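What follows is one structure encoded as structure tokens, with my remarks underneath.
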Amino acid sequence: MTHAEKTVSHKKPSIEIIKNGPYIVKNVDNLINSQGVPIPAQPVMALCRCGGSNNKPFCDSTHNAINFEDDKT
Ligand code: FES
């Protein structure tokens with residue numbers, strides 16, 4: 001391991017659920033779609049949870065247009 005590798009700080013990965021919206025994914029190194037194809041990961045990504053995005057796996061705010069709701073009651 002080089003000095004540069006030792007000094008790089010790796011932040012803890014996290015996933016946050018936005019009510020009636022996407023997953024906010026932070027600090028992941030790898031992202032793979034449902035077909036097993038790697039997708040370039042960004043430090044912060046909004047991933048579609050409603051199924052309506054035209055830019056899957058990313059959120060494109062379609063959840064607002066379709067009135068996606070978490071609650072199924
Ligand atoms: S959650 Fe935003 S488009 Fe699906």
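What to note about this one:
- Cα-only Debye scattering, the chain: base-10 log of I(q)/I(0) at q = 0.12, 0.19, 0.20, 0.28 Å⁻¹: -0.42, -0.82, -0.88, -1.26
- Count of Lys pairs (Cα-Cα under 23 Å; at least 8 positions apart or interchain) in the chain: 7
- Taking a sphere under 15 Å around the Cβ of Asp71 and counting the other residues whose Cβ falls inside, with K and R at +1 and D and E at -1, yields a net charge of +1.
All of the numbers you see were taken from the coordinates with simple rules; none came from a lab. Please read all numbers here as calculations on a predicted model, not as lab measurements. Note that we place each Cβ from the backbone using ideal geometry, even for glycine, and neighbour counts take in every protein chain shown.
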